[in-house]
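Reviewing the structure listed below.
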Amino acid sequence: MSDAISTVKKKAEEVEKVVVRFAGDSGDGMQLTGSQFSFTSAMFGNDLATFPDFPAEIRAPLGTVEGVSGFQVQIGKIDIYTPGDQADVLVAMNPAALKSNLGHAKKGGNIIVDLDAFDKRNIEKAGFSANPLEDHTLDDYNVVQAPISSLTKTALESIELDNKSIMRSKNMFALGMMYWLFDRPLTDTVRYLEAKFKKTPALIEANKKALYAGFHYAETVEALPSFYKVPPASIEKGKYRHVSGNVATAWGLMAASEKSGKRLFYGSYPITPASDILHELSKHKNFGVITLQAEDEIAAICSAIGASYAGQIGCTASSGPGLALKGEALGLAIMSELPLVIVDVQRGGPSTGLPTKTEQADLNIAIYGRNSEAPAIVIAASTPSNCFEFAYMAVKLSIEHMTPVILLTDGYLANGSEPWKIPNMSSMPDIVIPNPPNLNGSGFLPYVRDKEKLSRYWAIPGTIGLEHRIGGLEKQEETGNVSYDPLNHENMVRVRAEKVERVANYIPELEIIGEGVGKLLVVGWGGTYGGLFTSVKELQQSGRKVDLAHFNYINPLPKNTKDVFSKYEKVLVCELNMGQLASHLRSKFPGVKIESYTKIQGQPFTVTELKEQFLEQLKNNYEHNGRDQEEIYKTGLYQRSIGSVVSGLRRLLHPVGNAKCITPNGCCQRGCGVCIRNRLCCTIPVLHEYLWLPYRTWKRPGCSYRS
Amino acid sequence: MNTYGFHTVHGRGPAVATGVKLANPKLSVWEVQGDGDALAIGGNHFIHALRRNIDINILLFNNEIYGLTKGQYSPTSQMGKVTKSTPFGAVERPFHAAELVMGAQGTYYARTIDTNPKLMTEIFVKAAKHVGTSMVEILQNCVIFNDKTHGAITARENRDDFQLHIEHGKPMLFGKDKNKGIKLNGLKLEVVTVGENGITEKDILVHDAHTEDPTLHLMLARLTPPKFPMILGVIREVKAKAYYQMMEEEFEMSKTRAKYHTMDELLHGGETWEVK
Ligand SMILES: Cc1ncc(C[n+]2csc(CCOP(=O)(O)OP(=O)(O)O)c2C)c(N)n1
Ligand SMILES: [Mg+2]
């Protein structure tokens, strides 16, 4: 068979980016179809991001809405950070898939359906009252009614295969159609099929035939008058591969193990969406990886703690319900000051919640969710591929600071994938093992600390001369003996907290995407990065003043966090929960005005809704900002005897320190924080309002303002 | 002797010990538990440490009470036992720790009493040598909250008649004159006296600790006074591969099969493409 080459000349429509969504029954192979389409597009040179959206039910009844499995991908000639909001092309293999995915299709876009699947029974099962192909349901779309099932059957007539296997090839027919529609070569998928079905040539034959048949069919379809041209993106040069968040997490842990020379011990109890990390790691025993499928999450973390005590990298992963179970043991690791990495692949909750859907609602439990004062380092990955980097950093921080690290990812990152410029191990930072210092004949004391980091040393059982005992009971400082001394306890609680705080000296500062000053700072953390970045960038390109700061390091916060915030009139924290990071930031920075924008639907933010929200926020922006009324009153007006009241008031209302001018046009170079010319007109009515303020002279203790 | 030690959290000792042993199989790992610890809050970890045959040594101090929390009944407290939380007597049926060991396919089970250091030493040495998880149950008195709970066995006047120290390959004889013994009658064990009713030493059961079938081991472990003596000593000691041994075999196997041997090879392997 020769490679498929389009013979009918049709129009090409060049686009910058396009969103495709495949939807079908769980058994229809939509995940495979979607990932093949993605892979081919990546090989072609597009940038892309994917989002598998599958049901929690393993085998929901055939043809029902509950059983629909979806796969969305956005490809582009420009940089792509999200799988896209709505699909330009929706492939729906049955009425249920159409029903549950219509909301994901863009008005005016193409919908390709398998006409054969739209019989009375399926239409009813999907919950349509009438055939949606015949009423006005799809008036706003360009519908391609393709008899995919019957054409697949015809195409495969000559192949000796049972009917079931033949029908299972219909996803390849649909994929073939898409390859025509996007002017893609079939070679990558053919190579994949040949490898996958190596042992059953008949299946190779069948799938290939269906793929070609779909391709040739599509070019004859009148409802498809043109095809898309999505030229390759200008991506950074180098070698690329596809990677999903969970695989990247597993590899990041392994990379840290290789770099540090410590074996990786991974104890875990299966849970969606974290299990794939266990699956991936258990393939790589030859790297020295030890995987234990524990009897529960408690045993998983406890065995990892045991392994850390024994001198290897103890690691465990779960999702929310499992993290809840791990709380007590996490406290043990904090008390015994051992390295330990806990990955939480977040999903919708509480309780069993939405196992296959994404959410960011475990931030509170990660930061606070343990008995007593038990601080842990909390970090979060923000793209599928940087799960690698942050898993690596989790191990590094945990070992170098001798304390547990919680790495937050989520279902969206875990299952999503993107092209990844492959790093070289030589570019990964070193991991320094905190070996006990030379004892010079004196005995080893397990709770003697590094002066800078306040971390203790890692003495490995089996080493002669370093014998020591640790545990969950409070420790006497230095000796580590059990101690109930009141002052020792207070001291130890504070030291453990300070140790974690000092990690801030070893992590990167918060980066700002934008000008670093202005009206609105959008703040996000973890897996919402793609959506936030795309929205902010698009608004910036259209001339709006909105910046983004995205957190990967959450506890402790980067040192410059407060500085960054203070340069903006408003900080808007966007997250997929009820505002957990916003509350945390408010408690850390009481003077900063922090607002919250949230979504709790088990789905990521869409770029459309984010942009709408930011524009809304930019509109109602003039308030006196910076400080709220009560605080202004408490602080009072401080004034140098020779300074003007106006500038004093300005400082009071808008305490930005020695900031650059924050007015949009940057008309003042004085570095006073607020532009006089622009601000003055706003100040006069405010001045009026606050004339009753207590007037004090300069020299407020601790005040760092200079005018 | 100076050792490494880790006082973990209630019930989770076997899980922590599992991690220690797998991370460094060369260590000799000993894990101390209470009856509430091993059989209530940590029951799950206990049975799985046995089932997996993680070459650790578990010492279960069974005083049939929660001592540390000042006297509540435990999963091994006798029915009817009056404790702080059972003022009208416990209505739950107690476990024999051995039943869990056998149920979990444990490979080593021994029982001793707290006041017999000689027997204890003997058993510990054997436990240390055993490859796989060893479970030693120590019948322990709790002077404060459950005094003389094992009195029926340990009291001086009861010792001879209610303790049977078994050894592999030896007949199960006991009593002051070593003339009482255990006989298998159909599917039941019974106490007989050598020289009475035509019983000779040949009728007395000879202990086989090495047989894989746990049926007899379980029957012996369940015997209690006053009808029977308490069986002490190594009741079960069977050969089976330890978890770490199979784990190491897997490592070797995966080395010969593996396609990638370094992280760079793994990261750069598989389907990749070059952007120029
Ligand atoms: C999570 C948790 N729950 C409860 C306790 C309180 N606690 C400590 S020891 C104990 C029971 C101890 O009984 P056992 O294991 O038989 O040991 P003994 O004190 O009798 O030696 C309990 C309930 C605890 N430490 N941790
Ligand atoms: Mg007890």
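The values are calculated or read from the model by the stated rules, or taken from the named source; none is laboratory data. All values derive from a computational prediction rather than experimental measurement. Ideal geometry is used to build each Cβ from the backbone, glycine not excepted, and the neighbour counts take in all protein chains shown. Ligands, DNA and RNA are stripped out before the accessible areas are found, and what is left, the full protein with its side chains, is counted by its heavy atoms. Shrake-Rupley method; radii C 1.70, N 1.55, O 1.52, S 1.80 Å.
Observations on the model:
- Residue within segment A:278-293 that is of a type in the set (Gly, Ala, Ser), surrounded by 24 or more Cβ atoms within 10 Å (Cβ to Cβ) and either under 25 Å from residue A:461 (Cα atoms) or in contact (Cβ under 8 Å) with a residue 40 or more places away in the chain (or both) present: no
- Exclusive hit being more than 10 Å from every other protein chain (Cβ to nearest Cβ) and either surrounded by fewer than 16 Cβ atoms within 10 Å (Cβ to Cβ) or in contact (Cβ under 8 Å) with a residue 40 or more places away in the chain (or both), set B:192, B:238: B:238
- Of all residues in segment A:246-287, those that are facing chain B (nearest Cβ under 8 Å) and part of a strand (DSSP E or B) total 2.
- Contact map, segment A:182-194: first residue in the same structural domain as residue A:40 (by TED's automatic domain parsing), second residue in a loop (DSSP other than H, G, I, E, B), Cβ cut-off under 6 Å, separation 6 or more or different chains; pairs are A:186/A:4.
- Filter result for the condition that a residue is open to solvent by 10 Å² or more (accessible area, probe 1.4 Å), within 15 Å of ligand 2 (Cβ to nearest atom) and under 26 Å from residue B:145 (Cβ atoms), over B:80, B:71, B:43: B:43
- The C-beta contact set for segment A:98-120 (first residue hydroxyl-bearing (Ser, Thr, Tyr), second residue surrounded by fewer than 23 Cβ atoms within 10 Å (Cβ to Cβ), distance under 7 angstrom, 6+ apart or interchain) comprises A:100/A:65.
- Looking only at segment B:19-33, and only at residues there that are open to solvent by less than 30 Å² (accessible area, probe 1.4 Å) and in contact (Cβ under 8 Å) with a residue 40 or more places away in the chain, the one that is nearest to the other protein chains (Cβ to nearest Cβ): B:22
- Some residue of segment A:315-324 being surrounded by fewer than 24 Cβ atoms within 10 Å (Cβ to Cβ) and out of contact with any Asp or Glu (no Cβ under 7 Å at 6 or more places or on another chain): yes
- Here residue A:173 passes the criteria (1) of a type outside the set (Val, Ile, Thr); (2) at pLDDT below 95; (3) in contact with a helix residue (DSSP H, G or I) (Cβ under 7 Å, 6 or more places away or on another chain) except the one numbered (2).
- Qualifying residues in segment A:195-243 (those that are among the β-branched types (Val, Ile, Thr) and either open to solvent by 50 Å² or more (accessible area, probe 1.4 Å) or without any contact (Cβ under 8 Å) to a residue 12 or more places away in the chain (or both)) - the one farthest from the other protein chains (Cβ to nearest Cβ): A:220
- Restricting segment A:440-463 to residues that are among the polar types (S, T, N, Q) and over 16 Å from residue A:400 (Cβ atoms), the residue that is nearest to the chain's Cα centre (by Cα): A:463
- Here residue B:276 meets each of (1) over 30 Å from residue B:22 (Cβ atoms); (2) modelled with pLDDT of 95 or more; (3) within 13 Å of chain A (Cβ to nearest Cβ) with one exception, condition (2).
- Residues satisfying the stated conditions in segment B:126-150, i.e. exposed (fewer than 15 other Cβ atoms within 10 Å of the Cβ) and away from ligand 2 (no atom under 16 Å from the Cβ): B:128, B:129
- Complete set of residues in segment A:42-75 that are more than 14 Å from chain B (Cβ to nearest Cβ), within 22 Å of residue A:530 (Cα to Cα) and part of a strand (DSSP E or B): A:49, A:50, A:51, A:52, A:53, A:70, A:71, A:72, A:73, A:74, A:75
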